[in-house]
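The next block holds one structure in the form of structure tokens; read it before the comments.
The values are calculated or read from the model by the stated rules, or taken from the named source; none is laboratory data. Everything numeric here is computed off the predicted structure, so don't read it as measured data. Virtual Cβ from ideal backbone geometry, glycine too; neighbours counted across all protein chains shown.
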Amino acid sequence: MAESGRQFGGSVRTSVRSRQRGLRFTGAVPAPSAVDPLAQRIIDEPELITAMAETLPPDDGEAAEQLWNAVRTAVSLRSAEPELLLHAARFARRSGRVPQAAAWLQDALALSPRHLDALILYGQVVTELSRPQEGAAALERAIALGADYPDVHLRLGDALRAEGRRRAAAQAYRRALQLNERLTAAREALRAIVEEEGKGATHELPA
């Protein structure tokens with residue numbers, strides 16, 4: 001399994017680099033026809049969006065724009081596929097297009113309401129968009145469906161805290177620490193809440 005993962009990553013990296021070389025050589029914005037093969041690959045394997053995004057150099061704006069155009073094309077052709085929408089939303093958020101990420105995640109959840117990864121990411125994204133009540137609801141649903149994970153409780157705590165529900169947030173952070181006592185972000189957030197509540201800090205923190 002590990003070996004196949006390395007081979008997969010290598011193939012994606014080669015694809016990105018070869019496309020980047022083409023962009024640098026021509027110095028031109030790719031025509032729609034040049035984007036189609038990449039969009040088709042993305043339709044066939046939506047996880048390529050995330051894998052290719054992770055290999056893009058941060059200063060290569062042309063290649064990032066090319067990938068973004070391919071993602072939009074793929075979604076326009078296959079907008080009823082939750083996995084494609086999920087990976088497209090991850091890339092949208094990564095590239096600073098948070099409202100678009102939220103919209104694609106809404107579409108994914110309309111098609112597959114119990115999709116845990118989409119629920120978790122949606123909860124985080126809408127919290128970033130100053131909609132913490134909606135974010136908390138999505139994360140609570142994900143937990144109820146089985147996503148009883150430390151990072152999900154951490155995100156829930158962040159949403160609840162942004163909503164002003166500090167005691168509920170503290171409970172979420174405590175659960176995160178029960179599952180992973182080394183989760184520093186949850187410990188620091190809980191400490192801050194305890195101090196805000198004036199309860200004397202450490203006696204309410206997990207050991």
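Numerical summary
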quantity	calculated
Exclusive hit being under 27 Å from ALA80 (Cβ atoms), touching a helix residue (DSSP H, G or I) at 6+ places or on another chain (Cβ under 9 Å) and charged (D, E, K, R), set GLU196, GLU163, GLU128	GLU128
Residue in segment 108-123 that is touching a Ser or Thr at 6+ places or on another chain (Cβ under 9 Å) and surrounded by 20 or more Cβ atoms within 10 Å (Cβ to Cβ) present	yes
Enumerated helices (runs of 4 or more DSSP H) restricted to segment 48-138, each holding at least 2 residues that are over 21 Å from LEU160 (Cβ atoms) and modelled with pLDDT of 95 or more	61-77, 82-94, 98-111
Checking ARG72 against (1) closer than 22 Å to LEU56 by Cβ; (2) in contact (Cβ under 8 Å) with a residue 24 or more places away in the chain; (3) not aliphatic (A, V, I, L, M), the condition it does not meet	(2)
Count of segment 163-201 residues which are in contact with an Asp or Glu (Cβ under 8 Å, 6 or more places away or on another chain) and exposed (fewer than 15 other Cβ atoms within 10 Å of the Cβ)	2
Residues of segment 146-179 satisfying the condition of being in a loop (DSSP other than H, G, I, E, B) and either more than 19 Å from the chain's Cα centre (by Cα) or more than 17 Å from TYR122 (Cβ to Cβ) (or both)	ASP148, GLY164, ARG165
